[in-house]
Amino acid sequence: MNKNIEHYIFHKEHFLDEEYCKNCIKELGKDEWKQHDWYHYKTNSFNAMSGNNEPETIKPGCSPKVEKINKFIIQKLHSIILEYVESFKFDWFSEWSGYSSLKFIRYSPDQTMKNHCDHIHSLFDGERKGVPVLSIIGVLNNNYEGGELIMLEDKKIDTKQGDLLIFPSNFLYPHEITPVTKGVRYSYISWVW
């Protein structure tokens, strides 16, 4: 087992091709976006950690076109998750129960995602049981400034259009998106349990 936690950050370049990403952004732009909020289990409430600087999100089920994008990417994700898990050859971690539908995120200028770790309570509604074990971040464009992905408090992860990251969903992997300074950043996220 590798003791360097950076070893468990998997960067898949060109997971989606450039043309597909452009078409996704075009279709997502036609849908309704809502301000991102954070669930706090202690108070059983939602709020915006960054106030008006939270990005906007679209969850699946909003429109047939968003559902179509979600379905296509989700189907492609299965083999990449399998590649990631099998690469470690851990006999104690060889499979997973499922993964969430995608949440699309749009960052306009000054919008940011504060440093956090992924303890996603909202995935589990009583029918699904588990804890998130892997986080997935996909990038749909790179024609913006700022909006950098920072992991482990100071490691900048250089991603390009179509790239995908997978990493453990626990307190050892804090991550954030710095404020976008120019243009609009589009990405998506999912969690594996």
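The values are calculated or read from the model by the stated rules, or taken from the named source; none is laboratory data. For clarity, every value in this text was computed on a predicted model and none was experimentally measured. FYI the Cβ positions are ideal-geometry reconstructions off the backbone, even for glycines, and counts take in every protein chain you see.
LYS114: in a strand (DSSP E or B), in contact (Cβ under 8 Å) with a residue 12 or more places away in the chain and not acidic (Asp, Glu), yes or no? Considered against the rule, which asks whether it is in a strand (DSSP E or B), in contact (Cβ under 8 Å) with a residue 12 or more places away in the chain and not acidic (Asp, Glu), LYS114 comes out as yes.
Residues in the stretch 65-87 that are aromatic (Phe, Trp, Tyr) and either surrounded by 15 or more Cβ atoms within 10 Å (Cβ to Cβ) or in contact with a strand residue (DSSP E or B) (Cβ under 6 Å, 6 or more places away or on another chain) (or both): TYR84 alone. The residue that is modelled with the lowest pLDDT, among those in the stretch 180-193 that are surrounded by 18 or more Cβ atoms within 10 Å (Cβ to Cβ) and part of a loop (DSSP other than H, G, I, E, B), is TRP193.
When the residues of the stretch 33-71 are filtered to those that are under 16 Å from TRP191 (Cα atoms) and among the hydrophobic types (A, V, I, L, M, F, W, C), which remaining residue is modelled with the lowest pLDDT? Among them, the one singled out is TRP38. Scanning the stretch 8-44 for residues that are loosely packed, with under 11 Cβ neighbours inside 10 Å and either more than 18 Å from the chain's Cα centre (by Cα) or assigned to a helix (DSSP H, G or I) (or both) returns GLU19, LYS26, LYS30, GLU32, TYR41, LYS42, THR43, ASN44.
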